[in-house]
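S.K.: There's a structure below that I have some questions on.
Each reported figure results from applying straightforward, stated rules to the coordinates on display, with no laboratory input. It should be emphasised that the depicted structure is a prediction, and the values quoted were computed from it without experimental measurement. Counting neighbours? That spans all protein chains shown, and the Cβs are built from the backbone with ideal geometry, glycine included.
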């Protein structure tokens, strides 16, 4: 099946798309599919959904958007990428033999072969169409607020993100993410819409997409400090592959606290305990900064059996889902950014 992987580009969609669930999408689009629809404004908005097969909010929001404008001319052209439909069929992030579809884009550190070529083909197609903006829609499994992520601290990036949430996360790693690749073409943003089973995430994403469809141009304006909470991801935390971890098995090498996800988007002080290790065990985590350098010793220490944070920090995307931790990471560590260090004059949008 992998040898047949090829991007499918279409300019119309079957009626079943408006009513199927994400699990059935693979029957409609057996291959990763890029749907181009025309609109009154020609430069398209690129929307990517289901880069992770179990993150369905983006698909449901796009489905509702297509229903809303069925039989009408869209305010602006859109190009929708339906990503890992094979994983969506099984409601998993990715299949075991697959790379992560949000790590395969230009500038990636991995060689994902056919998937990397697929991502490059999408970027090429959207460059030719002079893409207006890019929106990548995700869910997360932990207890997190809705927030937006950007890869550049430029005016349109800040404003696009702030249009979705007052919480804006700036990050440069991991490499190979969709928003990072498109940041070289246009303003791009990643939406984090909470857990996939929550209707409020679908409603929020749909409202945002509809607002963006009506954006005519980007004009200069000033952002107010009270309107944005800007944080910077400084490191990614992973459990070392050799470590057997759990939230419930007391015989595991690392027993995490069962309420770990409550730390998300909260500044936690030095000495905060993440879990317990077996007597005499090595440091079970690795912390990698934006330059790819191991900085574990700067953030974590072992105090007897206690795995503790060494300095005040703001975690995000902590989850109790062990499969997600294995396939991706335990969490990210962040710090606040004063708005003066970013571009303090993001754009104001003018609606059509």
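S.K.: Counting only helical runs of four or more DSSP H residues, what would the 222 nm mean residue ellipticity of the chain come to if each run contributes -39,500 (n - 2.57) and the total is spread over all its residues?
M.R.: -6000 deg cm²/dmol
S.K.: Looking at the chain, what % of its DSSP beta bridges pair antiparallel, to the nearest 5?
M.R.: Just about 60 percent of them are antiparallel.
S.K.: If a/c stays under 1.5 just call it rounded; otherwise compare a/b with b/c (prolate if a/b is bigger, oblate if not). Do that for region 234-336, with a ≥ b ≥ c from the square roots of the Cα gyration tensor eigenvalues. List each step's numbers first, then the result.
M.R.: Numbers: a/c = 1.34, a/b = 1.30, b/c = 1.03.
Verdict is rounded for region 234-336.
S.K.: On a C-alpha basis, how far is the centre of region 155-234 from the centre of region 78-117 in Å? Whole number, if you could?
M.R.: Spelled out, the Cα-based centre of one part sits 21 Å from the other.
S.K.: What is the Rg over Rh value, at two decimals, for region 266-309, using alpha-carbon atoms and the Kirkwood definition of Rh? Walk me through the numbers before you get to the answer.
M.R.: Working: Rg = 11.2 Å, Rh = 11.2 Å.
On the Cα set of region 266-309, Rg over Rh gives 0.99.
S.K.: Whole number please: convex hull volume per residue of the Cα set in region 139-279, in Å³? Display every interim value, and only then the final one.
M.R.: Working: hull volume 20.3 nm³, N = 141.
For region 139-279, the hull spanned by Cα atoms encloses 144 Å³ per residue.
S.K.: Which residues does the label zone of residue 336 cover in region 220-261, counting backbone N under 20 Å from a point 7 Å along Cα→Cβ?
M.R.: From region 220-261, the list is 223-235.
S.K.: Oh, and also: Report, to the nearest 10°, how far helix 114-128 tilts away from the longest principal axis of the Cα atoms in the chain, using its own Cα long axis and a range of 0 to 90°.
M.R.: 50
S.K.: Between 0 and 90 degrees, rounded to the nearest ten: what's the tilt of helix 199-213 against the longest Cα principal axis of the chain?
M.R.: Compared with the principal axis, the helix lies near 50 degrees.
S.K.: Another question, if that's okay. Return the whole-Å distance between the Cα centroid of region 289-319 and the Cα centroid of region 130-153.
M.R.: 24
S.K.: Give me the orientation-averaged projected area of the Cα convex hull of region 26-155, in nm², one decimal. Walk me through the numbers before you get to the answer.
M.R.: On the way: hull surface 37.7 nm².
Answer in nm², one decimal: 9.4.
S.K.: Residues in region 287-301, backbone N under 16 Å from the label point at residue 273 (7 Å along the Cα-to-beta-carbon vector): list them, ranges by number please.
M.R.: 301
S.K.: On to the next question. Which whole-number percent gives the relative contact order of region 2-229, counting Cα pairs below 8 Å spaced six or more residues apart? Write down the numbers at each step before the final one.
M.R.: Values: 473 pairs, mean separation 50.3, N = 228.
Relative contact order here is 22 percent.
S.K.: Could I ask something else about it? Just want the ordering: 203, 136, 21, from fewest to most Cβ atoms lying within 10 Å of their own Cβ. Write out the running numbers ahead of the final one.
M.R.: Details: 203 15, 136 26, 21 12.
Starting with the residue having the fewest Cβ neighbours, the order is 21, 203, 136.
S.K.: Equivalent-ellipsoid semi-axes (√(5λ), Cα gyration tensor) for the chain, whole Å, largest first? Intermediate values should be presented prior to the final figure.
M.R.: On the way: eigenvalues 242, 118, 59 Å².
Calculated on Cα positions only, the semi-axes equal 35, 24, 17 Å.
S.K.: What number, in percent, do you get for the relative contact order of region 234-336 if the mean sequence gap of Cα pairs under 8 Å and at least 6 apart is divided by its residue count? Present the calculation step by step, with values, prior to reporting the outcome.
M.R.: Numbers: 211 pairs, mean separation 37.1, N = 103.
Taking the mean separation of contacting Cα pairs over the length of region 234-336, I get 36 percent.
S.K.: If you don't mind, another one. To one decimal place, what Kirkwood hydrodynamic radius in Å is obtained for region 203-271 from all pairs of distinct Cα atoms? Could you put the intermediate results ahead of the total?
M.R.: Numbers: mean 1/r = 0.0574 Å⁻¹.
In region 203-271 this quantity evaluates to 17.4 Å.
S.K.: I've got another one for you. Helix 57-68: angle to the longest alpha-carbon principal axis of the chain, degrees 0 to 90, nearest 10?
M.R.: Tilt of helix 57-68: around 20 degrees.
S.K.: Here is a follow-up. Looking at the chain as a GNM with Cα springs under 10 Å, which of 173, 12, 23 has the largest mean-square fluctuation?
M.R.: Among 173, 12, 23, the largest GNM mean-square fluctuation belongs to 12.
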